[in-house]
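> Below: one structure in structure tokens.
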Amino acid sequence: MSSPGTSEPQNTPESLAPDAIASIRDNLDEVATRAATAAEVSGRTSADVKVLLATKTQPAATIRVALEHGFTLIGENKVQELVGKADDLADLDHEAHLIGPLQKNKVNHTLRHAHCIQSVDNLELATKINNRLDVLDQSMDFFVQVNTSREDSKSGIAPDEAEALISELRGHSRMRLRGLMTIGLPGRTPEEIRPSYAELRELSQKLLASGAMPAAATELSMGMSNDFELAIAEGATMVRVGSSIFGARDYS
Ligand SMILES: *Cc1c(COP(=O)(O)O)cnc(C)c1O
């Protein structure tokens, strides 16, 4: 890479304590093993369940450790963070997903740096994305985010409105639907969360069976640090894990 100038160290793993690097690597191995075991218990293989690293608040140097350890999927909640870290990670083969809410005025920025948007939950936003993709002559993967928690404050479309939205999105030719995403009920016990994961799986099965959802859109993005094994038991094909790998987040 370019000159090892003094302005760069904060973006390289060399700036991290060896202990911190070792601990991230151990955690990555442990999460991968647990996810693989849960996949096998549910009659699938480790290849059927991908681990996406939820990297909000983590500096590029930390994310680099994980990508160099063989992980390839990262998810950011804020467009600003996704864009801000993109250059520092550009030399590493990976996919960056947006997993937080997307404001319409940030679509242009997002499309430049994201490989997939997991938080599409309304037609207006999707249309804005599709129109912009048309201008750029690009296409993009996305998930429809479903609000399985029924809390008004949460983003995601209501489960009983998902079919209508997905039908309308079939006309958005620049957008490739990969499946459904949900957050569930953060902060609750895994037993309290499990029904929302079951609901997402059932919704997906119903929409695939009726043909409302394209046959290729089989993915289910659900499960976080506290409950990803349960989510895999309910059919998750992608889990989004942050704090079990990087430790508790520091928002200061
Ligand atoms: C932060 C976040 C995660 C990961 O949460 P952890 O509990 O840290 O594993 C997953 N999905 C979304 C949408 C998030 O914002």
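The values are calculated or read from the model by the stated rules, or taken from the named source; none is laboratory data. All of these numbers come straight from a predicted model, not from anything done at the bench. Neighbour counts are summed over all protein chains in view; Cβ atoms, including those assigned to glycine, are modelled from backbone coordinates with ideal geometry.
> Kindly check whether there is at least one residue in region 65-72 that is touching a strand residue (DSSP E or B) at 6+ places or on another chain (Cβ under 9 Å), within 16 Å of the ligand (Cβ to nearest atom), closer than 23 Å to Gln145 by Cβ and not charged (D, E, K, R).
yes
> If you don't mind, there's one more thing I want to ask. Does any residue of region 79-89 turn out to be more than 27 Å from Leu123 (Cα to Cα) and outside any helix (DSSP H, G or I)?
Checked against the condition, which is being more than 27 Å from Leu123 (Cα to Cα) and outside any helix (DSSP H, G or I), region 79-89 yields no hits at all.
> Next question, about the same structure. Would you be able to say whether some residue in region 215-224 is among the polar types (S, T, N, Q), touching a Gly at 6+ places or on another chain (Cβ under 8 Å) and buried (at least 22 other Cβ atoms within 10 Å of the Cβ)?
Yes.
Here is a yes/no grid of residues against (1) touching a helix residue (DSSP H, G or I) at 6+ places or on another chain (Cβ under 8 Å); (2) over 18 Å from Pro214 (Cα atoms); (3) of a type in the set (A, V, I, L, M, F, W, C); (4) not in a helix (DSSP H, G or I):
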position	(1), (2), (3), (4)
Leu111	yes, yes, yes, no
Arg132	yes, yes, no, no
Arg176	no, no, no, yes
Gly184	yes, yes, no, yes
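> Another question, then. Can you find a residue that is surrounded by fewer than 14 Cβ atoms within 10 Å (Cβ to Cβ), free of Cβ contacts under 8 Å to residues at least 60 places away in the same chain and not in a strand (DSSP E or B) anywhere in region 94-102?
no
> Something else: Please state which of the following conditions Leu208 fails to meet, knowing it meets all the rest: (1) within 16 Å of the ligand (Cβ to nearest atom); (2) without any contact (Cβ under 8 Å) to a residue 60 or more places away in the chain.
Tallying (1) within 16 Å of the ligand (Cβ to nearest atom); (2) without any contact (Cβ under 8 Å) to a residue 60 or more places away in the chain, Leu208 fails exactly one: (1).
> Would you mention how many residues in region 39-62 are in contact (Cβ under 8 Å) with a residue 24 or more places away in the chain, part of a helix (DSSP H, G or I) and closer than 30 Å to Arg201 by Cβ?
Final tally of qualifying residues: 3.
> Taking region 233-244 on its own, how many of its residues are away from the ligand (no atom under 13 Å from the Cβ), part of a loop (DSSP other than H, G, I, E, B) and on the phi < 0 side of the Ramachandran plot?
2
> Return the residue satisfying two criteria in turn: it lies in region 87-116 and is closer than 15 Å to Thr55 by Cα and among the aliphatic types (A, V, I, L, M), and of such residues it is farthest from the ligand (Cβ to nearest atom).
Leu89
> Here is a follow-up. What pairs can you find where one residue is in region 67-82 and on the phi < 0 side of the Ramachandran plot, the other is modelled with pLDDT under 95 and within 12 Å of the ligand (Cβ to nearest atom), and their Cβ atoms are less than 6 Å apart, with a gap of 6+ or different chains?
Note: no pairs meet the criteria.
> May I pose another question? Are any of the residues in region 137-157 part of a helix (DSSP H, G or I), small (Gly, Ala, Ser) and within 16 Å of the ligand (Cβ to nearest atom)?
The answer is no; no qualifying residue exists.
> Being in contact (Cβ under 8 Å) with a residue 40 or more places away in the chain, more than 15 Å from the ligand (Cβ to nearest atom) and either in a helix (DSSP H, G or I) or surrounded by fewer than 19 Cβ atoms within 10 Å (Cβ to Cβ) (or both) is true for just one of Leu230, Leu203. Which residue is that?
One residue alone meets the criteria, Leu203.
> Out of Ala60, Ala54, I need the residue that is more than 16 Å from the ligand (Cβ to nearest atom) and under 19 Å from the mean Cα position of the chain (by Cα). Which one?
Criteria check complete, one pass: Ala60.
> Given the conditions (1) of a type outside the set (Ser, Thr, Tyr); (2) modelled with pLDDT under 95; (3) surrounded by fewer than 19 Cβ atoms within 10 Å (Cβ to Cβ); (4) over 21 Å from Thr57 (Cα atoms), which single one is not true for Ile193?
(3)
> On the basis of being more than 12 Å from the ligand (Cβ to nearest atom), of a type in the set (Gly, Ala, Ser), more than 18 Å from the chain's Cα centre (by Cα) and modelled with pLDDT under 95, does Ala38 make the cut?
no
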